[in-house]
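Student: Structure incoming, see below.
Each reported figure results from applying straightforward, stated rules to the coordinates on display, with no laboratory input. Values in this document were obtained by computation on a predicted structure and should not be read as measured data.
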Amino acid sequence: MNELNKQIDYVTEVIHFVCEKYPKNNEKQYKGFINILKKANPQFNCSEERYVGLKKLLAQYMFDRNLSDRYTYEQNVSELLGFYMPVSVL
């Protein structure tokens, strides 16, 4: 699970980075997100809707620090990365 946590942290850092670089432009944020993650993994693919959903989940968790929001965010990122997270592991 340590490797998965590193990858989730990396995706989170990329989301923070593109949001800071393009604060009011969702299209540029998405393109930056895709470009950075495709450099790390050329097979990476994510729709713009899914990116916006991840960004909203992350913002919701950062706002109220609810553990269920964190779990939902991490589960969505792990599914995006192609991992299955059994409930017993969490």
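Student: Residue-wise, which Karplus ³J(HN,Hα) couplings in Hz belong to the range 67-77, taking 6.51 cos²θ - 1.76 cosθ + 1.60, θ = phi - 60°, and x for glycine or proline?
Tutor: Residue by residue, the range 67-77 yields 5, 5, 5, 5, 4, 4, 4, 5, 5, 5, 5 Hz.
Student: What do you get for the angle between helix 26-40 and the principal long axis of the chain? Use alpha-carbon atoms, 0 to 90 degrees, nearest ten.
Tutor: In the chain, helix 26-40 runs at an angle near 70 degrees to the longest axis.
Student: Something else now. What 222 nm value per residue comes from the helices of the chain, counting each DSSP H run with n ≥ 4 as -39,500 (n - 2.57) and dividing by all residues, nearest 500 deg cm²/dmol?
Tutor: It lands at -25000 deg cm²/dmol.
Student: Then there is this: Roughly what angle does helix 48-64 make with the longest principal axis of the chain, taking Cα atoms, 0 to 90 degrees, to the nearest 10?
Tutor: The helix 48-64 is inclined about 60 degrees to the chain.
Student: In terms of Cα to Cα distance under 19 Å, which lysines are near enough to LYS24, apart from those fewer than 8 places away along the same chain?
Tutor: LYS55, LYS56
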